[in-house]
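Below is one structure, written out as structure tokens; the observations come after it.
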Amino acid sequence: MLLRSLQAPLLLLQRLMEAAQVVTSNGNADGDYQYEIISWFDSVSKNAAMVQTETLGQILHLNYGVEYLKKWFGDMKIQDMDACALESLYASLVPLASHADFEPFIQRIADGDTAPILTQQPITTLSLSSGTTEGRQKLLPFTRHSSQTTLHIYRLAAAYRSRVYPIREGGRILEFIYSSKQLKTKGGLTAGTATTHYYASEEFNIKQEKTKSFTCSPQEVIFGVAYKQSTYCHLLLGLLFWDEVELIASTFAYSIVQAFATFEEQWEEICSDIKDGTLSSRITLPRMRKAVLDIISPSPCLASQIEAICRDSKASNWYGIVPRLWPNAKYVYSIMTGSMQPYLKKLKHYAASLPLVSADYGSTEGWIGVNLDPCLPPEDVNFAVIPTFSYFEFIPLNKKKQDLTSGTVGYIEDEPVPLSQVKIGQEYELVLTTFTGLYRYRLGDVVEVAGFHNGTPKLNFIFRRELILTVNIDKNTENDLQLAVERGSEVLNKYGGELVDFTSHAEVMHQPGHYMIYWEIKGEVEERVLGECCGVMDASFVDHGYVVSRRTSSIGPLELCIVETGTFNKVLDYFIGNGAALGQFKTPRSCFGQHNDLEPYT
Ligand code: AMP
């Protein structure tokens with residue numbers, strides 16, 4: 001048998017990687033550049049299976065001999081091994097792992113152990129996941145590769161977007177971006193959110209220079225670590241540069257909705273600052289104040305135009321405020337899928353006719369896929385996997401037939417398959433092997449294969465796998481909760497109320513256990529209406545275990561608790577205080593707090 005040694009494919013992969021570097025760092029004329037990066041992606045996606053085998057080879061080659069891999073490979077020499085044989089060997093020797101399995105290794109790195117534990121290159125920076133999907137923040141390795149892939153996916157996605165929505169060179173982006181606190185670990189490593197590391201990296205500047213699109217706010221605003229002050233300044237500067245703004249963006253849609261909720265409250269103050277060239281006393285951080293004051297100057301005409309728009313818009317509950325204030329903007333760009341769907345309605349309200357383009361799919365662990373169809377409505381968006389970024393495996397998930405005795409509806413997991421073997425319509429849990437030292441790492445996201453772009457799968461994000469509501473045999477995920485809340489909030493909307501945010505809790509301290517859903521709402525509605533919302537939500541959980549348990553009263557009726565206005569801002573503040581960043585924030589959909597002082601509607 002002819003053995004394909006790892007060296008030759010690695011050279012090919014290296015060439016593909018180098019091509020990617022060229023297109024990400026040397027874009028000349030914009031059209032040329034876009035053509036180059038799109039043809040690069042065409043080429044890697046056509047050869048996705050081979051590129052994946054070689055990506056794995058490269059990761060293992062680079063990190064040969066690190067402690068984690070030695071545990072499974074022993075002293076086996078992999079350098080001369082055939083790439084395909086190595087791929088099978090890897091899957092047979094290295095077990096699937098979760099964050100908990102990596103935690104002791106990452107902790108040692110955080111504590112200052114510089115031995116090659118996960119990667120040969122020392123890890124000097126750690127990322128903190130937002131912690132709002134799993135309830136606690138995870139520490140993960142971050143390397144230069146992480147910033148490079150962020151730049152790369154940004155430019156790739158931008159090339160596809162510009163085919164549909166071309167933007168003016170030299171224009172500005174009103175970006176609601178925020179850094180987290182930068183913490184030092186016991187061993188002296190910097191820890192912060194992955195987006196914070198990216199904004200601080202050379203790649204962020206390269207992105208601006210090469211795409212010739214500049215963020216409205218200076219670094220001092222992004223790095224203020226006081227998100228209310230940063231939001232005020234983002235809005236103020238966005239309005240000062242109103243005619244240059246080509247798009248409005250954020251990482252997750254939540255930040256844009258949050259920013260416009262702030263605008264509804266603070267627009268008069270912002271207008272007064274624009275009129276007089278002053279800066280509100282809300283901005284207390286000296287560096288932020290100085291940086292913004294250096295940019296602004298009195299603009300009374302602009303202020304009175306904005307004021308007129310705001311007065312008029314206020315009367316229509318701020319419908320379409322975004323295109324009215326930024327008439328040259330071509331679209332709004334942000335992650336709008338998954339846990340961001342509940343904010344889509346509000347975002348559409350603010351954006352009116354302005355297209356909403358849903359952004360790419362990634363996580364603190366690594367980038368996964370790019371949205372190649374910017375025209376698709378956010379609800380239908382899928383993500384083409386980028387096969388050079390990580391080595392991807394897919395655990396097939398098959399819904400168990402409903403077991404009428406136990407009432408369980410779960411998944412039967414099959415053996416993980418490589419990217420080349422996924423099937424359209426099948427659901428999978430994603431497994432990543434990354435250049436940053438994660439090996440067969442279960443991400444916990446469930447995706448469905450929607451189709452293919454050349455040889456690479458296009459994924460629909462379905463939900464995170466963790467159960468967030470379970471009392472006994474019932475099993476409900478964030479997605480199930482989201483659907484129930486959507487139904488309930490339709491009733492609320494019918495009576496003029498608006499859902500601001502929500503979370504939930506499985507109450508098991510008292511028998512029978514039951515679900516509690518917490519709502520923050522806007523507008524006055526009668527108790528009777530809330531009772532109806534509550535009933536609709538209770539009936540919307542279709543999980544068999546829940547339905548059976550409700551019928552037999554082993555789970556009690558769902559309770560709806562209305563929380564005080566501003567409660568969810570306090571939740572946000574709490575997470576930000578613990579190192580999260582507004583840009584990566586996702587409201588936790590499950591909470592374990594006390595609720596004795598809250599009024600339930602059952
Ligand atoms: P974090 O690492 O805490 O910032 O969160 C990453 C998680 O956010 C992913 O594992 C997904 O669950 C979710 N996520 C990221 N991008 C998207 C997207 N485009 N659509 C839906 N969910 C996403």
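The values are calculated or read from the model by the stated rules, or taken from the named source; none is laboratory data. Here the structure is a predicted model, which means the values were calculated and not measured. Positions of Cβ are backbone-derived with ideal geometry, glycine not excepted, and every protein chain shown enters the neighbour counts.
Criterion applied to P116, P104 was being assigned to a loop (DSSP other than H, G, I, E, B), more than 20 Å from the chain's Cα centre (by Cα) and not β-branched (V, I, T), and the one residue passing it is P116. For region 344-363, residues that are within 12 Å of the ligand (Cβ to nearest atom) and aromatic (F, W, Y) total 1. State all residues of region 344-385 that are out of contact with any strand residue (DSSP E or B) (no Cβ under 6 Å at 6 or more places or on another chain), surrounded by 24 or more Cβ atoms within 10 Å (Cβ to Cβ) and over 17 Å from F252 (Cβ atoms); if no residue qualifies, say none. Scanning region 344-385 gives no hits.
Against the criterion of being under 16 Å from the mean Cα position of the chain (by Cα) and either crowded, with 21+ Cβ neighbours inside 10 Å or under 22 Å from E448 (Cβ atoms) (or both), Y391 does not qualify.
Take the conditions closer than 19 Å to E520 by Cβ, within 16 Å of the ligand (Cβ to nearest atom) and among the aliphatic types (A, V, I, L, M) and apply them to L492. Does it pass? No; evaluated as a whole, the condition is false for this residue. Among the residues of region 429-460, those that are more than 30 Å from T125 (Cβ to Cβ) and in contact (Cβ under 8 Å) with a residue 24 or more places away in the chain comprise V449, A450, G451, F452, H453, N454, G455, P457, K458, N460. The test for being away from the ligand (no atom under 16 Å from the Cβ), in contact with a Phe, Trp or Tyr (Cβ under 6 Å, 6 or more places away or on another chain) and not basic (K, R) does not hold for Y178. Residues in region 364-396 that are in contact (Cβ under 8 Å) with a residue 40 or more places away in the chain, outside any loop (DSSP other than H, G, I, E, B) and away from the ligand (no atom under 16 Å from the Cβ): Y391 only. Summed over region 330-343, residues that are in a helix (DSSP H, G or I) and more than 9 Å from the ligand (Cβ to nearest atom) total 2. With respect to (1) in a helix (DSSP H, G or I); (2) in contact (Cβ under 8 Å) with a residue 60 or more places away in the chain; (3) away from the ligand (no atom under 16 Å from the Cβ), the lone exception for R324 is condition (2). Taking the conditions (1) more than 14 Å from the ligand (Cβ to nearest atom); (2) out of contact with any strand residue (DSSP E or B) (no Cβ under 7 Å at 6 or more places or on another chain); (3) in a helix (DSSP H, G or I) in turn, K186 satisfies each one other than (3).
Here the condition is being out of contact with any Ser or Thr (no Cβ under 8 Å at 6 or more places or on another chain) and surrounded by fewer than 21 Cβ atoms within 10 Å (Cβ to Cβ); of Q219, Q208, Q229, it holds for Q219 alone. Condition check for D501 on (1) under 25 Å from A261 (Cα atoms); (2) of a type in the set (D, E, K, R); (3) without any contact (Cβ under 8 Å) to a residue 60 or more places away in the chain: one failure, at (3). Selection within region 437-447: residues that are assigned to a loop (DSSP other than H, G, I, E, B) and surrounded by 24 or more Cβ atoms within 10 Å (Cβ to Cβ). The member of this set that is farthest from the ligand (Cβ to nearest atom) is Y439. Restricting region 226-275 to residues that are among the aliphatic types (A, V, I, L, M), outside any helix (DSSP H, G or I) and in contact with a helix residue (DSSP H, G or I) (Cβ under 7 Å, 6 or more places away or on another chain), the residue that is nearest to the ligand (Cβ to nearest atom) is I248.
Looking only at residues in region 100-128 that are among the small types (G, A, S) and in contact with a Lys or Arg (Cβ under 7 Å, 6 or more places away or on another chain), the one that is farthest from the ligand (Cβ to nearest atom) is G112. Among the residues making up region 468-482, a single one is modelled with pLDDT under 85 and within 15 Å of the ligand (Cβ to nearest atom): I468.
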